[in-house]
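Every number in this text was worked out from the coordinates using simple rules, so none of it is lab data. Quantities reported herein were computed from a predicted structural model and do not represent experimental measurements. Virtual Cβ from ideal backbone geometry, glycine too; neighbours counted across all protein chains shown.
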Amino acid sequence: MAAVRTSSEITFNRVAIVAVLLVTIIFLAPIYWIASTAFKPRNLATTIPPTVVFQPEISPFVKLFTKRSQLRSPPSPEEYAAAPWWERVVFDGGEKIVRDGKGQVQWSGYPSRFLNSLIIAITSTVLAVGMGTFTAYGFSRFKVKGEADLLFFILSTRMLPPVVVAIPMFLMYRAVGLNDSHIGLIILYTAFNLSFSVWLMKGFMDEIPKEYEEAALVDGYTRMEAFFKIVLPEAATGIAATAVFCFITAWNEYAFALIMTNRRAQTAPPFIPSQVGSGLPDWTVIAAGTFLFLLPVAIFTFLLRNHLLRGMSFGAIRK
Amino acid sequence: MATTMITTLDRSSRAAARGLSDISIRNLFIIPTVLFLIVFNIFPLIYSLGYSFTDFRASTNAPANFVGLQNYRDLLNDPYVWSNFAITAKYVIVSVVGQLLVGFGVAMLLNRDIPLKGLITTLLLLPMMLSMAVVGLFWKLLYDPSWGVINYALGLGNFEWLADPKMALYAVALTDIWMWSPFVMLLSLAGLSAVPKHLYEAAAIDRAGPFYTFFRITLPLVAPILMIAVIFRTMEAFKTFDLAYILTSQPTAELISIRLYKMAFQEWQTGRSCAMAYIVLIMVLAITNIYVKYLNKVKER
């Protein structure tokens, strides 16, 4: 039975499509503004009216990675001619790249923070998803006394505001010397993501028919063999999706990183805002740092698009 | 944790004799995780419960003195703390209601045949996946009274968003609405697409108007999933720290998490902040409990 489509319904449909496009543009505008500011010359970042059309530049990225100081006097023509392109870009902005006694370019704080973010996010993801997969299998296949309570306990540890957990963790870490260490943050993020990983993986495990393993058990596999050879390959998609969610959570985390690290193990999220000091910040450099930082998550979002609903609702809604 | 278990494994089979028993495997798989969470989540909380009864300051070497319930009494009698809770409540309401309206509204618009629907949906979901702290920082530039794009686009002149005590909290909520409406939209879309088409067809045959159809068919059927979205966002909004901390330092936008952070790591009132953390913790556990109960109810259907 086909629904009758009146002309007013068709008109409404068209209006809705236009509205959707408008909403999409509005929602993406802030992200577009970050990306475009990352390629602007500094003087065009804060103009009235805002600059929309401009010649894109790579200079914010050069500045992002290097330590610079104000030029007192312009560089001599020889010095300018001898400089590589990336140094000239900085000269053009009235600054020079700081070099040490041996003439080595000094890096800014950004690359090490980015690297810290990578190390900490990847390690904690591997740990949380690894442990979570085993535990989820345990909950999915075996009878566990007080299962509902245990699962609630596992979930509730994640529901606390980070600052509530951070106060005692800070004191404990200080006592054992784990403040501002990679291991310290890795443990925190693993604990934080473990509950999520157990909940999400349990849903994926529940969907794998028990009959698969039972057939393997009958064929003479041990339970362990059946788990590794039958269940894990079946759960691969779920594991990958869970891992990406854990990675994004650890990658984006701010409060723990702010409290627990200050330099050596600092990740990008507390570092990027700390660049906005007093005076006029160079928004192009901040945008360049933000752009590089957001890029992995943007890519992952596209890869995850079919699992977003499930992951973001803690596995509450499956599709 | 001695319990029975269900298995079809024949106990006398060769494999059973060769491998670990199911009970050992279950314990091996579950116990390490539970222990890990106890050590790194529960133990710290017990640790801070102890400190909450003392006047300990982590910035000095002075030994902690037991003060009993003094911290709790002081906090519950502190109008400043109550105002932080009131600010947080206001923030939660504004931002969750905003997300609900925008998110559900956009989902209603999207719930039809639209070219490139998949791509548009994914693009709309992007904000919620990004780092609150890092993207939030950039909203400072967007909100800037002199050269912010928002004032320019809306023709607001030099309107102060973050520096105005009255406006700051709403500006933070607006950014939060931008980030998290996509979440409500995602859940609403799932709910809307699950509404059986024949109900609409039946309504059309009965010449039911669009309002009747919406309030009698669409809304009741999507309500459970919307409720999940509301509970989720309520909890998250209650916990908000990053966004408000980065965007503004207005006392009128000082959420409970920020007060707690300042008390613990700027004023170094460690004992008192532990007590405060416990008050917050009890509130969160209460909300979580309601949430999980509701979730189980929805799952049963």
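Hull surface divided by four, with the convex hull built on the Cα atoms of chain B: how many nm²? Kindly include the intermediate steps, with their values, before the conclusion.
Working: hull surface 102.6 nm².
Computing the convex hull of the Cα atoms and averaging its projections yields 25.6 nm².
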Requested in this report: Could you check how many percent of all C-alpha pairs in chain A are farther apart than 35 Å?
Outcome: 43
Query raised in the report: Once the other residues with Cβ under 12 Å from the Cβ of A:Gln106 are scored (Lys, Arg +1; Asp, Glu -1), what is the net sum?
Result: +4
Query raised in the report: Rounded to the nearest 0.05, what FRET efficiency do B:Asn158 and A:Asp100 have when you use their Cβ-Cβ distance and R0 = 35 Å?
Result: 0.20
Query raised in the report: What full-extension length gain, to one decimal in nm, is calculated for B:Ile287 and B:Thr60 as 0.36 nm per residue of separation minus the Cα-Cα distance?
Result: 78.1 nm
Query - Within a Gaussian network of chain B (alpha carbon springs, distance under 10 Å), most fluctuating of B:Asn71, B:Asn84, B:Asn41 - result: B:Asn41
Report task. Would you please name the trypsin sites (Lys or Arg not before Pro) within region A:95-199 that are DSSP coil residues with at most 14 other C-beta atoms within 10 Å of their C-beta? Result -> A:Lys102, A:Lys143, A:Lys145
Query - At least 27 Å along the helix axis (C-alpha) and Kyte average at least 1.6, DSSP helices within chain A - result: A:283-304
Report task. May I ask you to derive the FRET efficiency for A:Thr11 and B:Asp113 from their Cβ-Cβ distance with R0 = 22 Å, giving the value to the nearest 0.05? Result -> 0.90
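If I take every Cα pair under 8 Å that is 6 or more residues apart in chain A, average their sequence separation and divide by the length, what percent do I get for the relative contact order?
About 25 percent, as a whole number.
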Report summary line: Computed about the Cα centre, the charge dipole of the protein assembly as shown from +1 Lys/Arg and -1 Asp/Glu charges at the Cβ has a magnitude in debye, to the nearest 20, of 460
**Report entry** Where trypsin sites (Lys or Arg not before Pro) fall in DSSP loop in region B:186-235, at most 16 other Cβ within 10 Å
**Finding:** B:Arg207
Query raised in the report: Can you give the direction-averaged projected area of the convex hull of the alpha-carbon atoms in region B:23-69, in nm²?
Result: 4.7
Query - Residues whose placed amide H lies under 5 Å from that of A:Glu95, excluding near-sequence neighbours - result: A:Leu71
Report task. Mind giving me the FRET efficiency for B:Val39 and A:Ala81? R0 is 41 Å, r the Cβ-Cβ distance, nearest 0.05 is fine. Result -> 0.10
Report summary line: Label model pair A:Glu211, B:Tyr294: point-to-point distance (7 angstrom along the Cα→beta-carbon line) in nm is 3.8
Query - Full-stretch length increase - A:Asp92, A:Arg264 - with 0.36 nm per residue and alpha-carbon distance subtracted - result: 58.7 nm
Report task. Kyte-Doolittle cut-off -1.0, length cut-off 20 Å along the helix's own axis using Cα: show which whole DSSP H helices in chain B pass. Result -> B:22-37, B:79-110, B:168-193, B:219-239, B:270-300
Report summary line: Using alpha carbon positions and the Kirkwood radius, the Rg to Rh ratio of region B:36-176 is 1.13
Query raised in the report: Three principal axis extents, largest first, for the C-alpha atoms of region B:238-297, in Å?
Result: 43, 28, 15
Query - Size-normalised alpha-carbon gyration radius of the protein assembly as shown, reference 2.2 N^0.38 Å - result: 1.07
Report summary line: Ranked on Cβ counts within 10 Å of their own Cβ, fewest leading, A:Val53, A:Val18, B:Val222 go A:Val53, A:Val18, B:Val222
Query raised in the report: Contour minus end-to-end for B:Asp206 and B:Ala194, with contour as 0.36 nm per residue of separation and end-to-end as the Cα-Cα distance?
Result: 2.2 nm
Query raised in the report: Once amide H atoms are placed 1.01 Å from N in the peptide plane, what residues at a sequence separation of 5 or more from A:Arg68, or on another chain, have their amide H within under 5 Å of its amide H?
Result: A:Val98
Report task. For B:Ala64, list long-range residues whose amide hydrogen, built 1.01 Å from N in the peptide plane, is under 5 Å from its own amide hydrogen. Result -> none
Report task. Averaging over all projection directions, find the projected area of the Cα convex hull of region B:130-218 and quote it in nm² with one decimal place. Result -> 8.6
